[in-house]
Amino acid sequence: AAADPVSVLPGSLGRESWCNEHDTMHKRLDIIEEKVIKTVEHLESEVKSLLNIINETTSDIPIAPGTPLIDIFDGKY
């Protein structure tokens, strides 16, 4: 029977172990990436909700004539 060429190459010892570690690391990174994406989506939803609440609240506040309007963002956004 012919020997497996990979197993007889110098430096090939531990190659399978390294590949397994590499695959495991990529699986862990995929899980972390998925969690980050879900967290960002959740935060985007929360920010949109808060901005809607602020918008609804400020549109209900009566403004007295002659009251100067204040730009809380200083025109930066």
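The values are calculated or read from the model by the stated rules, or taken from the named source; none is laboratory data. Just so it is clear, the model here is predicted, and its values are computed rather than measured. Remember, those area values only see protein heavy atoms, side chains included, never the ligands or the DNA or RNA. Shrake-Rupley method; radii C 1.70, N 1.55, O 1.52, S 1.80 Å.
Let's see how each residue does on (1) at positive phi; (2) small (Gly, Ala, Ser); (3) open to solvent by 100 Å² or more (accessible area, probe 1.4 Å):
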site: ASN20; (1), (2), (3): no, no, no
site: LYS27; (1), (2), (3): no, no, yes
site: ASP30; (1), (2), (3): no, no, no
site: LYS35; (1), (2), (3): no, no, yes
site: LYS38; (1), (2), (3): no, no, yes
site: GLU41; (1), (2), (3): no, no, yes
site: SER45; (1), (2), (3): no, yes, no
site: ASN52; (1), (2), (3): no, no, no
site: THR67; (1), (2), (3): no, no, no
- Message: Name the single residue that is least open to solvent (accessible area, probe 1.4 Å) among those in the range 54-65 being at pLDDT 75 or above and β-branched (Val, Ile, Thr).
- Response: THR57
- Task: Answer yes or no as to whether SER45 is at pLDDT below 75 and assigned to a helix (DSSP H, G or I).
- Result: no
